[in-house]
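Below is one structure; the comments refer to it alone.
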Amino acid sequence: MSDITELSNFINGEWRPANCEHWIEDYSPANGAHIARIPCSSSEDIDAAVEAALDAADNWANLSIAERADWLDTIAGALEERAEEVAQLESLDTGKPISLARSVDAARSVANFRFFAEQGREFESEVFEMSDATNRVVYKPVGVAGLITPWNLPLYLLSWKVAPALLMGNTVVAKPSEMTPMTASLLAEVIEDVGLPRGVFNLVHGNGIDAGAPLTSHPDVNLISFTGGTTTGREVAKSASSGFKKLSLELGGKNATIIRADVDIENMIHGIVRASFLNQGQVCLCGSRILIHESIYDTFVEAFLNAVANMVVGDPADEGTELGALISAAHRDKVLSYIDLAEEEGGDILCGGGAPVGIPQAFENGYWVSPTVIDGLAPDSRCSTEEIFGPVVTLHPFSDDEEAIEIANMTDYGLAGSIWTADIEAGSAMAEQIDSGMIWVNCWLHRDLRVPFGGVKNSGVGREGGRWSLGFFSEAINICVKH
Ligand code: TXE
């Protein structure tokens, strides 16, 4: 028992036990070990956190944006000092490789605070002149921001919301995923250490029903930013809509990776494998459907399977590991059930399909699925159109650009996609035909934090990123003065 970390809520600058007697247990995905427990918080805890956030709101809103930007930089500096701890905790809690946790999760969490601090310093509101009047746009805080985040990129996504929310003068109640609570608590420690005013940032641990839902429906919460599954997003939208809260939903994806006939396979294959399997395929942007021009189908598939076979799957703590474990036993079972379904739907499993062969005994109780490549499925089959969110990709031939676009758009999702081609002009033209919020050409997840991020169709509502985040986390008020 002594190795199990017990986490508390952080409300009004204090670590508080929850108003409930239940705990939620947290397991290490790599070996199934019990590593932590969090309070199963209730609506009373959410009420307390919202009250603290409301009490802190006026003083925080009265600071200038430059002063709040300084706070973000202070948080970034303190978080950076604990970057290795962030990486270790994130790898332990999610099962992801330590190299990924260092280079992506820990680094980006710090970068998010720095980036929004910079955005705050550069921020200029608009002035619109008329012949007889001047319009001046003033950006006011929205109020209390409810931030709900998932388990795949825990601190990366939480900091992506906390930083702009605070910058624009809102106070925050954060509810991280109950499956990955560790680094959210670390962020609260950092925030306590740097002395951010009490109540400006509050953290409530717990599950979606008992803690998430009371946050989304709370009458004093004015804004909800949610990242998670599409089904949950629908519930969040319903709950938030009756109070006319500002709402941003970043939901699932079923993204196409389009390989045109002129692609330079040798040079691009590494990027295409990365797009397929980063974070065990548990990134909403991953390319889980690979559409390949029929003239290079066999050559590409051979190169792809060779590259996948060379991926190092195993101990997440090992520096050389490229693929770790899935988040939970339930999620692994969901992914495996899709592989079974693929066989029922007539697919051929070209590699993978179950736990990796030869996984060391220490990891036998973990939640593992080896990288899986499936051929022969119809592009409109369930496995080819529903989000699996694991290390599973399906392969589909196409005969021309029109057919590739038609297949790419054959899902209810519309988050991202990538096109791989030597013809930049054709690739860029094709990108405009795909119903998705983000398309990369000859790269994937090449992020500029200034650009809009978000999806169309069932992949979400709204945009965050750069000035889109600043707009979402504020209320634009126009003041028109007659000359
Ligand atoms: O996410 P949930 P789950 C997809 C992926 C995955 C599926 C389900 O396909 O298999 O979603 O994953 C909180 N009111 N993505 O079940 O439930 C919950 O506590 C308010 C894509 O793990 O959406 C957690 O903090 N909050 C995705 C957060 O919502 C509620 C990343 C996300 O959990 C709630 C993760 C409720 N009623 C999964 N119910 C992406 N877009 O990257 C749950 N929550």
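Which residue, 20, 430, 377, has the largest displacement toward the positive end of the dipole of the chain when charges sit on each Cβ (Lys, Arg +1; Asp, Glu -1)?
The Cα lying farthest towards the positive end belongs to 20.
For the chain, what number results from the quotient of the Cα radius of gyration and 2.2 N^0.38 Å?
Taking N as the residue count of the chain, the ratio is 0.99.
Heads up, I need the accessible area for residue 311: 1.4 angstrom probe, whole protein in place, Å², nearest 10.
That residue has around 30 Å² of solvent-accessible surface.
List the chymotrypsin sites (Phe, Trp or Tyr not before Pro) within the range 226-334 that fall in a DSSP loop (any state other than H, G, I, E or B) and whose Cβ has at most 14 other Cβ atoms within 10 Å.
Passing sites in the range 226-334 are 244.
Helix 297-309 versus the longest principal axis of the chain: what angle, 0 to 90°, nearest 10, using Cα atoms?
60 degrees
Quick one: dipole size for the chain, taken about the Cα centre, charges +1 on Lys/Arg Cβ and -1 on Asp/Glu Cβ, in debye to the nearest 20.
It comes to approximately 1220 debye.
With every protein chain left in place and a probe of 1.4 Å, what is the accessible surface of residue 273, to the nearest 10 Å²?
Taking all protein chains as shown, residue 273 has close to 10 Å².
Could you please state how large a percent of the accessible area of the chain is carbon and sulfur, counting protein chains only and using a 1.4 Å probe?
That fraction is 50 percent.
Restricting to Cα pairs below 8 Å that are 6+ residues apart, what does the relative contact order work out to for the chain? Please round to a whole percent.
Relative contact order, the chain: 19 percent.
What is the helix-to-structure angle for 230-241, meaning the angle in degrees between its Cα long axis and the longest Cα principal axis of the chain, kept from 0 to 90 and rounded to the nearest 10?
20 degrees
What number comes out for accessible area per residue over the chain if the probe is 1.4 Å? Units Å², please.
I get 40 Å² per residue for this part.
Is the C-alpha gyration tensor of the range 255-448 telling us rounded, prolate or oblate? Criteria: a/c under 1.5 is rounded; beyond that, a/b larger than b/c is prolate, otherwise oblate.
Prolate is the answer for the range 255-448, as a/c is 1.5 or above and a/b outweighs b/c.
Label the range 365-483 by shape, choosing from rounded, prolate and oblate, from the square roots a ≥ b ≥ c of the eigenvalues of the Cα gyration tensor; if a/c is under 1.5 it is rounded, and otherwise prolate applies when a/b is larger than b/c, oblate when it is not.
prolate
Among the lysines, which have Cα under 29 Å from the Cα of residue 140 when same-chain residues fewer than 8 positions away are ignored?
Within the straight-line limit of under 29 Å, residue 140 reaches these lysines: 161, 175, 238, 245, 246, 482.
If Rh is defined by the Kirkwood formula over all Cα pairs and Rg also comes from Cα, what ratio Rg/Rh do you get for the range 170-220?
Rounded to two decimals, Rg over Rh is 0.99.
Mind checking which of 444, 163, 49 is farthest towards the positive end of the chain's charge dipole, using Cβ charges of +1 (Lys, Arg) and -1 (Asp, Glu) about the Cα centre?
Highest projection toward the positive end goes to 49.
Helix 182-194 versus the longest principal axis of the chain: what angle, 0 to 90°, nearest 10, using Cα atoms?
Compared with the principal axis, the helix lies near 30 degrees.
With the Cα gyration tensor of the range 1-110 giving a ≥ b ≥ c as the square roots of its eigenvalues, does the rule (a/c under 1.5 for rounded; else a/b larger than b/c for prolate; else oblate) give rounded, prolate or oblate?
oblate
Just to confirm a number: summing +1 for Lys and Arg and -1 for Asp and Glu over residues other than residue 150 whose beta-carbon lies under 12 angstrom from that of residue 150, what do you get?
0
Report the net charge of residues surrounding residue 219, where surrounding means a beta-carbon distance below 13 angstrom and charges are Lys +1, Arg +1, Asp -1, Glu -1.
Charge balance in the 13 Å sphere: -2.
List the residues of the range 364-389 whose backbone N lies under 17 Å from a point placed 7 Å from the Cα of residue 344 along the Cα-to-Cβ direction.
377-378, 380-388, by backbone N distance to the label point.
Add -39500 (n - 2.57) for each DSSP H run of 4 or more in the chain, then divide by its residues: what number comes out at 222 nm, to the nearest 500 deg cm²/dmol?
It lands at -11500 deg cm²/dmol.
The values are calculated or read from the model by the stated rules, or taken from the named source; none is laboratory data. Nothing here was measured: the structure is a model prediction, and the numbers come from that model. Cβ sites come from the backbone with ideal geometry, for glycine too, and all protein chains shown count toward neighbours. Calculation scope for accessible area: heavy atoms of the full protein, side chains included, ligands and nucleic acids excluded. Shrake-Rupley method; radii C 1.70, N 1.55, O 1.52, S 1.80 Å.
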